[in-house]
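Q: One structure coming up, written as structure tokens, with questions to follow.
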């Protein structure tokens, strides 16, 4: 379980990262690496190039208030978002959700933007972005692009990011309404068999479709065709969606 | 890269994992490798003071950073670190393979919560697998470590 | 005052090193070793048309690539470790497969390179042309024998065995009530945190082979390698250094790497190392537990079992390197602590295209216990009786020991329980469990078990008092975390009257003790523990004899205490043990230790040579212990648990263990063994399973999907000890290593059945499984 060969590049600033992404064939951005590195170790991912953005350090690690919401930059670690007083004040839903991501030791390294860019259908944060109607900023040598949550997640591990784009920042609108983030996972910290994010009357589901999806709180399972795996059949997932949605809406 | 306050250059292959670099290039074999996909926690080290999985970081990513391994938390031959001491007193290790990872994670936990609640202890050690102890003694050890650290 | 260490909560001697990161596990050993990787079959069943290693050999950094034809032992079948007359069709794999592979993960080629990463690169370049064959997965499919795993094994049956006590047919016919039940237990995996690893060096100057191996049996590895490589055993050293958990699969030998690494080291003239990664561990390391049981039970209206007829299929996997010890244990232990006057058990050990099986903590017992306990619960349900009451009525009573179960045991004798108090276990468990907690869908789980521990044939120990007064002792069996260095020290310190901290133990190093069997089957404390006791006592006798000469006292009047040999009743009259060690050697050395003190004692003049017939120099002895039979540990687990009726999440509200492992050497260690065992049991009951698809692919070969519990999944466990000493060994101990895990599946099943009111006849469970069982139960109720 050692990674296959790749070329390692480190980017000291955003411009350099974009330059590398624009010029390299088959490059992957390495941020927290908590999803990418296992794939490399299993040799399930074998990109020709890795562009490590960690050397950019604090320049792109800010968590700050912007446009009535909270912006989380590319290198802000999940643990920092978890501990952020600003996030707790402006968007407590995000604070609650990030605590459900894996374990603290993972969150010390893993990034919020990385979770979004990785777009695991069973992951919490994409559903949070969707439920709140947030957006991401993609940066490339061509310039900045704002992508709304609803347009960003395209499929299993697929996003609207172009190969030359870096997910520079995620923006979560301020939210002080009723919320709940509920999930069923086999063990504490595991990916969810099914999960729901409620923000007032908006309900986003995760783990039950190729991407996070918005659902009708009255009939959350309508139109869903979840996949099955070892721990959950499609029927069980639909059952759990119903159970979790009911709990979330009555919370 | 600075490991346990000792500086050395990184010359290994780009694909070398930090865990392998520490073990095989620096001879710090106290950091163990249990799964190489970030689940077991055996390879946990402090990266600029915070516990992380060294199997999910490339050695080269450690350049310019400060790494602390299990060998670096207590002076050789000197008294054990409070967390180590608590693990000893509470029989919180059997085969000892997962132990360094647990100790590093608990150091992180106690930095975050010097007086952790039961729930915080539970969550704090929940990212590390132990196949021997059934965790009961590890929970006790975390409580004891908090006591010892407060002294 | 004499301090007795036996029974004390002595803190562990091995901790300091392990806590400082100074443990020495096999992969920690380097010394410029080349690294290696095994190329493994991706298919569960295939014919090999060709293997082309040329591209791999040409890769930079690759030192050697071996296939079967490159090995002098390439055509040899690996050994069957424990042959048995009923194993009529035993089959083992070759070190490297060249014609046929029978499980995904079977080794085909071996690559040695400068680094593991390069070796993995090269492994990808090894081209194997496979011709896929039909795959046989699950015991049921194997028994149907539509396809064969081995062409020359009819019906896929490796072994078949039927045993009977009493007259089951007649008793079933006469029984007022009968019930037919079917139980299924899926495969599980031990998953120690350290995978397997082997490191080896050949010294051509000394003609010496050194092997570090994460094995549970270094002495056996040494014996096998010596034969294979034509070396005297004295030229082969095998050391099991710190081993990161074993739990059974590391007792299996030989795994291919255990031959390949030493062979390559000899061929290449450089140390070679192989360290398994987690992914390959899932398919390359032996597994266990897969069984399907068909039970017919006859009982009376009071719930007493009159006859039990069990017919089961054991999933042996692709080969039978370990013989048929697993189904034999299941058959022997199935009746558990209960009187079963008429008992018949038949098993078939069948081949499947899955990883071979050999013991995993519990070894045949968790499934046996599950079958018996579920059967008793079914009887209770049918009669509307309390489940504890049904057990009470069937338990063997304390005055019935020794109790002969009447079927065969793994040591070749019949199963004979030596001692125990089963009713007390049950009553203590019920009392400790206490009243039902409030809440919806709360159920009680209950399970009892016996465990034949401490099987022979023997273990040995060497104990020596150094002239410093310190004591060193060694045994052949290695430790994988069981605190051998602490508990043996307690046993030795008691006999020699020294401080436990003055005893240093070495285990699992053939350089220090070359004979022995291994650490498995909850046998360490019984076999090696008693061997330590025997050897230490021999040293004590010797010390008394030497001291008697110098103190002008009768050896019978002497005692060892406070680090000295002294006259009972007048402790000021004595000789420090260090001095006795000096005196034990007619040739004196000048340096320190007990030497100076020893000069104060002039040996009494005696006729004859200085070393008389039968005397040996040195204050040391080698002793052995060979048990006459197994020491039978026993226990009762009880739990309150809750199942969320909407998510089917399991919550264990209270878990009680009452156990009897005879005399307890160190409660700290015993409790640790039990807590760890229960945690593994909970993992195996509700989280972990090995999910093979019909193509023989393991679908969850990672820790992301093979769900070993974290702390958050394991409840607090309350433990009560009961001690009924074993009459079969001087220390009165029984093994405890496996006890914790055995009844957990039965307990969880029983509790969930009670909570949800649905029949549970299989293991493991999961929220999905409970959802499906509940859904089908409610569907079938509504259509009724």
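Q: Evaluate the following for residue C:272: is it surrounded by 18 or more Cβ atoms within 10 Å (Cβ to Cβ), touching a strand residue (DSSP E or B) at 6+ places or on another chain (Cβ under 9 Å) and at pLDDT 95 or above?
A: On the way: surrounded by 18 or more Cβ atoms within 10 Å (Cβ to Cβ): yes; touching a strand residue (DSSP E or B) at 6+ places or on another chain (Cβ under 9 Å): yes; at pLDDT 95 or above: yes.
Criteria met by residue C:272.
Q: Moving on. Within the range B:31-44, can one find any residue that is free of Cβ contacts under 8 Å to residues at least 12 places away in the same chain, surrounded by 20 or more Cβ atoms within 10 Å (Cβ to Cβ) and facing another protein chain (nearest Cβ under 8 Å)?
A: Step one: of the range B:31-44, the residues free of Cβ contacts under 8 Å to residues at least 12 places away in the same chain are none.
No: the range B:31-44 contains no residue that is free of Cβ contacts under 8 Å to residues at least 12 places away in the same chain, surrounded by 20 or more Cβ atoms within 10 Å (Cβ to Cβ) and facing another protein chain (nearest Cβ under 8 Å).
Q: Kindly indicate whether residue A:128 is surrounded by 24 or more Cβ atoms within 10 Å (Cβ to Cβ), more than 12 Å from the chain's Cα centre (by Cα) and part of a helix (DSSP H, G or I). Talk me through it step by step, then tell me what you get.
A: Numbers: surrounded by 24 or more Cβ atoms within 10 Å (Cβ to Cβ): yes; more than 12 Å from the chain's Cα centre (by Cα): no; part of a helix (DSSP H, G or I): yes.
Here the answer is no, as residue A:128 does not meet what is asked.
Q: On to the next question. Identify the residue in the range B:56-77 that is part of a helix (DSSP H, G or I) and at the interface with chain C (Cβ under 10 Å from one of its Cβ atoms) and, among all such residues, is nearest to residue A:39 (Cα to Cα). Lay out the reasoning, then the answer.
A: Taking the range B:56-77 as the starting set, the residues that turn out to be part of a helix (DSSP H, G or I) are B:56, B:59-62, B:70-72.
Narrowing the set further to residues that are at the interface with chain C (Cβ under 10 Å from one of its Cβ atoms) leaves B:70-72.
Details: B:70: 27, B:71: 29, B:72: 30 Å.
Among those that are part of a helix (DSSP H, G or I) and at the interface with chain C (Cβ under 10 Å from one of its Cβ atoms), it is B:70.
Q: Going through C:194, C:164 one at a time, which residue ends up being away from chain B (no Cβ under 14 Å) and either at pLDDT 95 or above or buried (at least 23 other Cβ atoms within 10 Å of the Cβ) (or both)? It would help to see each step written out before you state the result.
A: On the way: C:194 fails: away from chain B (no Cβ under 14 Å).
Among C:194, C:164, only C:164 is away from chain B (no Cβ under 14 Å) and either at pLDDT 95 or above or buried (at least 23 other Cβ atoms within 10 Å of the Cβ) (or both).
Q: From the residues in the range A:84-93 that are part of a helix (DSSP H, G or I) and without any contact (Cβ under 8 Å) to a residue 24 or more places away in the chain, which one is farthest from the other protein chains (Cβ to nearest Cβ)?
A: Within the range A:84-93, the subset part of a helix (DSSP H, G or I) is A:85-90, A:92-93.
Cutting the leftovers down to without any contact (Cβ under 8 Å) to a residue 24 or more places away in the chain gives us A:85-86, A:88-89.
Details: A:85: 15, A:86: 18, A:88: 15, A:89: 20 Å.
Applying the filter and picking the extreme gives A:89.
Q: Pull up the range C:453-485, narrow it to residues that are within 14 Å of chain B (Cβ to nearest Cβ) and in contact with a helix residue (DSSP H, G or I) (Cβ under 8 Å, 6 or more places away or on another chain), then point me to the one that is nearest to residue C:239 (Cα to Cα). Reasoning before the result, please.
A: First, the residues of the range C:453-485 that are within 14 Å of chain B (Cβ to nearest Cβ): C:478-485.
Keeping just the survivors that are in contact with a helix residue (DSSP H, G or I) (Cβ under 8 Å, 6 or more places away or on another chain) gives C:478-480, C:482-484.
Details: C:478: 8, C:479: 11, C:480: 13, C:482: 17, C:483: 17, C:484: 15 Å.
The extreme case among them is C:478.
Q: Being surrounded by 22 or more Cβ atoms within 10 Å (Cβ to Cβ) and at positive phi is the filter; apply it to the range C:239-269 and report the residue that is farthest from the other protein chains (Cβ to nearest Cβ).
A: Step by step, filter the range C:239-269, then rank; the result is C:248.
Q: Looking at (1) closer than 21 Å to residue A:100 by Cα; (2) modelled with pLDDT under 95, which one does residue B:106 not meet, given that it meets all the others?
A: It is condition (2) that residue B:106 fails.
Q: Among all residue pairs at least 6 apart or on different chains, which show Cβ distances below 6 Å where the first residue, located in the range C:627-650, is touching a residue at least 60 places away in the same chain (Cβ under 8 Å) and within 14 Å of another protein chain (Cβ to nearest Cβ) and the second is surrounded by fewer than 24 Cβ atoms within 10 Å (Cβ to Cβ) and in a loop (DSSP other than H, G, I, E, B)?
A: Short answer, once both residue conditions are applied: C:643/C:441; C:645/C:441.
Q: Taking the range A:103-118 only, how many residues are surrounded by 23 or more Cβ atoms within 10 Å (Cβ to Cβ), closer than 23 Å to residue B:55 by Cβ and in contact (Cβ under 8 Å) with a residue 40 or more places away in the chain?
A: In the first step, residues of the range A:103-118 are kept if they are surrounded by 23 or more Cβ atoms within 10 Å (Cβ to Cβ); the result is A:103-117.
Subsequent filtering for residues that are closer than 23 Å to residue B:55 by Cβ retains A:103-115, A:117.
Of the ones still in play, those that are also in contact (Cβ under 8 Å) with a residue 40 or more places away in the chain are A:103, A:106, A:109-115, A:117.
Number satisfying all stated conditions: 10.
Q: Please find, among A:235, A:184, A:169, A:165, the residue that is touching a residue at least 60 places away in the same chain (Cβ under 8 Å) and within 14 Å of chain C (Cβ to nearest Cβ).
A: Values: A:235 fails: touching a residue at least 60 places away in the same chain (Cβ under 8 Å); A:169 fails: within 14 Å of chain C (Cβ to nearest Cβ); A:165 fails: within 14 Å of chain C (Cβ to nearest Cβ).
None of the others qualify; the one that does is A:184.
Q: Can you tell which of C:29, C:51 is surrounded by fewer than 22 Cβ atoms within 10 Å (Cβ to Cβ), within 26 Å of residue C:509 (Cα to Cα) and in contact (Cβ under 8 Å) with a residue 60 or more places away in the chain? Let's see the steps before the verdict.
A: Numbers: C:51 fails: within 26 Å of residue C:509 (Cα to Cα).
Result of the check over C:29, C:51: C:29.
Q: Can you tell me which condition residue B:77 does not meet? The list is (1) surrounded by fewer than 24 Cβ atoms within 10 Å (Cβ to Cβ); (2) modelled with pLDDT of 95 or more, and all the others hold.
A: For residue B:77, the failing item is (2).
Q: With a cut-off of at least 1 residues that are away from chain B (no Cβ under 14 Å) and touching a helix residue (DSSP H, G or I) at 6+ places or on another chain (Cβ under 9 Å), name the strands (runs of 3 or more DSSP E) lying wholly within the range A:1-83.
A: On the way: elements: A:7-10, A:27-30, A:49-52, A:63-66, A:69-73.
By residue number, A:63-66, A:69-73.
Q: Also, I was wondering about something else. Just to check your reading of the model, which residue among C:707, C:728 is modelled with pLDDT of 95 or more and within 14 Å of chain B (Cβ to nearest Cβ)?
A: Values: C:728 fails: within 14 Å of chain B (Cβ to nearest Cβ).
C:707 is the lone residue from the list that is modelled with pLDDT of 95 or more and within 14 Å of chain B (Cβ to nearest Cβ).
Q: Go through (1) under 28 Å from residue C:524 (Cα atoms); (2) out of contact with any strand residue (DSSP E or B) (no Cβ under 6 Å at 6 or more places or on another chain); (3) within 14 Å of another protein chain (Cβ to nearest Cβ) and name the single condition residue C:721 misses.
A: (3)
Q: Test of understanding: among C:88, C:92, which residue is buried (at least 16 other Cβ atoms within 10 Å of the Cβ) and either more than 14 Å from chain B (Cβ to nearest Cβ) or under 25 Å from residue C:277 (Cα atoms) (or both)? Steps first, please.
A: Working: C:88 fails: buried (at least 16 other Cβ atoms within 10 Å of the Cβ).
Unique residue meeting the criteria: C:92.
Q: Starting from the range C:170-189, take each residue that is farther than 15 Å from residue C:343 by Cα and list its partners that are at pLDDT below 95 and part of a strand (DSSP E or B), counting only C-beta distances under 9 angstrom and pairs at least six apart or across chains.
A: Note: no pairs meet the criteria.
Q: On to the next question. Which residue out of C:454, C:508, C:445, C:497 is touching a strand residue (DSSP E or B) at 6+ places or on another chain (Cβ under 8 Å) and modelled with pLDDT under 95? It would help to see each step written out before you state the result.
A: On the way: C:508 fails: modelled with pLDDT under 95; C:445 fails: modelled with pLDDT under 95; C:497 fails: modelled with pLDDT under 95.
Sole residue among the options that is touching a strand residue (DSSP E or B) at 6+ places or on another chain (Cβ under 8 Å) and modelled with pLDDT under 95: C:454.
Q: Output the residue which, of all residues in the range C:765-784 that are at pLDDT 75 or above and outside any helix (DSSP H, G or I), is nearest to the chain's Cα centre (by Cα).
A: Filtering first and then ranking leaves C:765.
Q: For residue C:723, are the conditions met, namely being in a loop (DSSP other than H, G, I, E, B), surrounded by fewer than 24 Cβ atoms within 10 Å (Cβ to Cβ) and modelled with pLDDT of 95 or more?
A: yes
Q: Let me ask something else. Can you pull out the residues in the range A:176-202 that are part of a loop (DSSP other than H, G, I, E, B), within 30 Å of residue A:54 (Cβ to Cβ) and in contact with a helix residue (DSSP H, G or I) (Cβ under 8 Å, 6 or more places away or on another chain)?
A: First, the residues of the range A:176-202 that are part of a loop (DSSP other than H, G, I, E, B): A:176-178, A:186-191, A:200-201.
Of the ones still in play, those that are also within 30 Å of residue A:54 (Cβ to Cβ) are A:187-191.
Answer for the range A:176-202, where residues must be part of a loop (DSSP other than H, G, I, E, B), within 30 Å of residue A:54 (Cβ to Cβ) and in contact with a helix residue (DSSP H, G or I) (Cβ under 8 Å, 6 or more places away or on another chain): A:187, A:188, A:189.
The values are calculated or read from the model by the stated rules, or taken from the named source; none is laboratory data. Fair warning: this is a prediction, and the values are worked out from it, not measured in the lab. Because the Cβ atoms are built from the backbone with ideal geometry, glycine has one as well, and the counts that use them run over all protein chains shown.
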